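Inspection log for the structure reproduced underneath, given as C-alpha cells.
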Amino acid sequence: MVKLYEKGIYLVNGTEIVEDGQDAAAVLASKTGNAPTKEEAARGTMAYSILEAHNTSGNMEKLKIKFDKLTSHDITFVGIIQTARASGLEKFPIPYVLTNCHNSLCAVGGTINEDDHMFGLTCAKKYGGIYVPPHQAVIHQFAREMLAGGGRMILGSDSHTRYGALGTMAMGEGGPELVKQLLSQTYDINMPGVVAIYLKGEPVKGVGPQDVALAIIGAVFANGYVKNKVMEFVGPGVSSLSADFRIGVDVMTTETTCLSSIWRTDDKIKEFYDIHGRSEDYKELNPAPVTYYDGCVEVDLSAIRPMIAMPFHPSNVYTIEELNANLMDILDDVEKKALVSLDGAVDYTLKDKVHNGRLYVDQGIIAGCAGGGFENICDAADILAGKSIGPDEFTLSVYPASMPVYMELVKNGMAAKIMQTGAIMKTAFCGPCFGAGDTPCNNGFSIRHSTRNFPNREGSKLQSGQIASVALMDARSIAATAANKGYLTPATDLTDIEYTSPKYFFDKTIYDNRVFDSHGVADPSVEIKFGPNIKDWPAMSALPENMVLKVVSEIHDPVTTTDELIPSGETSSYRSNPLGLAEFTLSRKDPSYVGKAKEIQKAQKAIEAGTCPLDVVPELKDVMAAVHTQYPNVGEGNLGIGSTIFAVKPGDGSAREQAASCQKVLGGWANIANEYATKRYRSNLINWGMLPFLIPAGDLPFANGDYLFVPEIRKAIEEKATEIQAYVVKDGALKPFMLQMGELTNDEREIILKGCLINYNRR
C-alpha cells in the first residue's frame, strides 16, 4: 500500500524510479543518455524552481523568501495585526486575507467574538486587505477558490495552509512570520529536503482522499520521514485523481510534519482554474526529465482501503476492515494510548461502544478544509440517498467548506438528499476541527472527516472530568456508517452505490456581494474598532546577561501538541487578550502551570520595577546564595528570572503562536526539549524571545520545581554558541549540565537578544 525508500531516488520522465546507489549514474545514462550529478538533478524538483523564484538571498542554501499572499483566520489575525502595528505597520504590502471561520459560532463572554470581526474589517479597510465575513468560507477553501495560482507561494497563520495540489507552495506558520512579511521582511530557512510522493494506480470505488492521506500519515509520521521537508507529489497516479481528491489529500500533509507540499499539475487542475474563472492562474508544473529526491514514498492507490485514525492522533491508523476484525485488541491499544495522552486523569474506554461485536459511534461529522469539499459531500449524499440515520444517539452534521459550494449543493439537490436522512447541513465553520462545535456527549465517540483528532479537539474538558474522542475517517465511510445508523462501516462494503459525480459550477456572486476587497488600496483615515477584550501586548524585557529559570512543568509524553500547550476551542474566545488567554496555558495538561509561572514571574517584575526579587520570592535567597559561590558578581543589573518547561517533543499540531506567546507573557524565558516537533513551533518560541534549548534524550539532570542557572546566556547567543553551560541549583550547590542551541539565523539571534519580534522591529 505504502512503501518508503531507504535512500534517495532519481525520477526519470516523471514516471520511473531509479534508486540512488553505485549503479545509479550508469542506469540513468542508459535510460536518458544523460547522468546529471545529484546536485544538478536536485534542482529539477518543482519545489526548487518555486523557492528559487521567491528567494531574495541569492543563496539557495540559505533562503530568504518573500511570499505572494498571506492568509489568517479570526483566532490569529488580531494578534498578528496588533504585533505588526506595534512594529510600525502602515499598509499591507501584499494581499492579506482575513477570514472568520474559527470563532464565528463559539464565543463566550459577551461581545468579544464580533468585536474581533469588526477589528478585522476595519483593519482590512485601513491597511488595504481582504475581509471574508463569518460563515462565508473556511480559510483554506477561500484560498483555493480565490488566491491560489501556479508557481505562487502563500503563507498562512494556520497549520493546514496547503495548496500544493493547485500548484501553489503554501506554508502554515505562527503569526510572527506573517508579521515579518507585513513589514517587508523575509521568511528565513535552509533549503529544505524534497521527498517524492510517488502515486501509482487509481483508488477503488468507495475510497476517498482521507483514506489515502491517513495511509501516508501512518507510514511517515512516527519515523520523521518527511519532517520539515517538502512533499512533492508525482507519478502516473496523480492523473487518476480529480482536483478535489488531490486537495483532500494535500490538506492533510500537515499531519506528517512536512514543511510544505507541491503537486504536478495537468488538465484537471487547469479545469479547476477555468471553473473558478481564473484560467490565467493555471501553470503546468512537472519535475525535470531527471530529478533527484531525498526520499520517496511510493503509494499504490489501488491498494488503499477505507482507513480510520483512532484516538488520539492522525497517525494512529488502521484499515476499517482491520479494526473490525481485531476490535477488542485495537481498543485495548487505544486505552493504553489514553493513559499517556490523558495522564490517567479520567477513566477512558471505547469498549462500551461494542454492540454485538460491532463498533457503534455516537456522531459523524463531515466538515472544514478537509471534508467539506464538493465531491466529498456529493459522494456522501449518494450513499445516504433514500436512507435514514435513525432516531437513536447517532447524529450526522455536514459543513460545506464555502457558501459557493453550499449553494451548488442546494442547486443540484445533494443538500436535500442529505437533509432528508435526518442529517444537518451547516454553514462554513472550522469548529469541529478545533473543539468548538458539535462536541459529543461525555464518553462520546465521533468519526470525522476533519483534520485532527488530538485530545480535546472535539471540545471535551478533561479537567472537568468530561472526555470524548474522535476518530478520523473519509466522508464516504462516514456516510456508510450513517446509513447503517451508527455502526462502523467502510464505504467499500456498499457495492451497489452509484456515484453520480455531478459537475461543479462555481458562482462567486456571494463573494462579490459580501466580501470586502480593498484591491490593495489602504485608507489611513479609517479608525480601527477596538472591542474591550482587545488588548495590546505587554512590554517584554530584553534577554538578560545571566538567567535563573524555575522548571514549572515537566512533560514526558512522546509528543506534546500545541493544543495541550494552549487549548483551542472556547479558550480561543480570549485570543485577543494576551493576559486573559494566558490563564489557560497548559490547563488541560498541567493545571498547576499557570500558578507556578506567575509566582516566579513576580521576581522578574520586581527586577523591572527596580526592587529586590528575593523579597517577593523568598526561596530565591537560597538559590542566589548557591549561585554566588561560583558567580559572585551575578545580581542587580545583569540577571533575569523566569520559568521554563521541559517536554520531550513539543509543538506538533496547530500553528497558533499562542502556544509560545502565552508562556512568554507569564514570564517564560525558554523551553527545553529533546527535539521540537515542528519548525513552526520552534519559530514561535524564537519570535517571542524564548530560548529553544535542546537536551539529549535520557535521564534529566533536573526535575519539576528545580531552579536552573544559565550564566552568560546573552554572551552565548551573541557569540553563536551551540553548547550552553547550565547548572541545577540544588542543596546549596551548582551541578553542571549542558544545553544545546540549534541553528539560529543572525536575525533570530537578534530577536532573542531584543526579547521578542516587537522589540526587534523597534530598533
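Bear in mind that the values in this text are calculations on the coordinates, not laboratory data. Predicted model, so just to flag it, every value in this text is computed and none were measured. Glycine gets a Cβ as well: all are built from the backbone with ideal geometry, and neighbour counts include every protein chain shown.
For this structure, a couple of remarks:
- When Ile751, Ile366, Ile189, Ile713 are sorted by how many other C-beta atoms sit within 10 angstrom of their C-beta, beginning with the fewest, the order is Ile189, Ile751, Ile713, Ile366.
- Glu599 paired with Val410, simple spin-label distance in nm, labels 7 Å along Cα-to-beta-carbon: 5.7
- Relative to the dominant Cα principal axis of the chain, helix 112-127 is inclined by about 90°.
- The value obtained for region 546-760, namely the Cα convex hull volume divided by the number of residues, is 114 Å³ per residue.
- Farthest towards the positive end of the charge dipole of the chain, among the residues Tyr96, Gly742, Ala625, is the Cα of Tyr96, using unit charges on the Cβ of Lys, Arg, Asp and Glu.
- 13 Å beta-carbon shell around Val27, net charge (K/R +1, D/E -1): -3
- In a reduced charge model with +1 at each Lys and Arg Cβ and -1 at each Asp and Glu Cβ, region 568-608 shows a dipole moment near 60 debye about its Cα centre.
- The residue list Ala165, Cys612, Pro701 was ranked by how far each Cα lies along the charge dipole of the chain toward its positive end, using unit charges on Cβ atoms, and Cys612 comes out on top.
- For the chain, the 222 nm mean residue ellipticity estimated from helices alone, with every DSSP H stretch of n ≥ 4 adding -39500 (n - 2.57) and the total spread over all residues, rounds to -8500 deg cm²/dmol.
- Calculated translational diffusion coefficient of region 178-332 (20 °C, 1.002 mPa s; Stokes-Einstein with Kirkwood radius over alpha-carbon pairs) equals 125 µm²/s.
- Relative protection proxy for 90-102, 50-62, from highest mean packing down: 90-102, 50-62 (other beta-carbon atoms within 10 angstrom).
- Qualifying lysines (Cα of each under 28 Å from Cα of Lys38; at least 8 residues distant if same chain): Lys3, Lys7, Lys62, Lys64, Lys66, Lys200, Lys227, Lys229, Lys283, Lys679
- Set of aspartates and glutamates near Lys621 by C-alpha distance (under 16 Å), chain-local residues within fewer than 8 positions excluded: Glu599, Glu636, Asp706, Asp731
- Residue order, fewest to most surrounding Cβ atoms within 10 angstrom, among Glu458, Glu712, Glu498: Glu498, Glu712, Glu458
- Summed residue charge, Cβ within 12 Å of Gly248's Cβ, Lys/Arg positive, Asp/Glu negative: -2
- Helix axis angle, 209-220 relative to the chain longest principal axis, alpha carbon, degrees: 40
- Counting only residues at least eight positions apart within a chain, or on another chain, the lysines with an alpha carbon under 17 Å from that of Lys351 are Lys336, Lys337.
- Placing one equal scatterer on every Cα of region 1-70 and applying the Debye formula, the log10 ratio I(q)/I(0) at q = 0.18, 0.25, 0.26 Å⁻¹ is -0.81, -1.09, -1.14.
- Antiparallel content of DSSP bridges confined to region 307-509, in %, to 5: 35
- Highest mean first, the peptides 545-553, 584-592, 317-325 sorted by other C-beta atoms within 10 Å per residue fall in the order 545-553, 584-592, 317-325.
- Local charge for Ala582 was computed over the other residues whose Cβ lies under 12 Å away, with Lys and Arg +1 and Asp and Glu -1, and equals +3.
- Point-charge dipole on Cβ atoms (K/R +1, D/E -1) for region 186-243, about Cα centre, debye to 20: 120
- Positive-pole candidate from Thr492, Val354, Ile383, dipole of region 307-509, charges at beta carbon: Ile383
- Note on region 526-584 and region 693-760: Cα centroid distance 21 Å, given to the nearest whole angstrom.
- Relative packing of peptides 719-731, 652-664, 282-294 - highest average C-beta neighbours within 10 Å first: 652-664, 282-294, 719-731
- Placed amide H near Met191: partners under 5 Å, 5+ positions off or other chain: Lys62, Leu63
- The angle between the Cα long axis of helix 327-341 and the main principal axis of the chain comes to about 20°, on a 0 to 90 degree scale.
- Here the 3J(HN,Hα) profile of region 484-489, calculated from phi with Karplus coefficients 6.51, -1.76 and 1.60 at θ = phi - 60°, is 9, 6, x, 8, 4, 9 Hz, Gly and Pro shown as x.
- Cα-centre dipole for the chain with unit charges at Cβ (Lys and Arg positive, Asp and Glu negative), debye to 20: 1200
- Pairs of alpha carbons in region 307-509 separated by more than 25 Å make up 33% of all such pairs.
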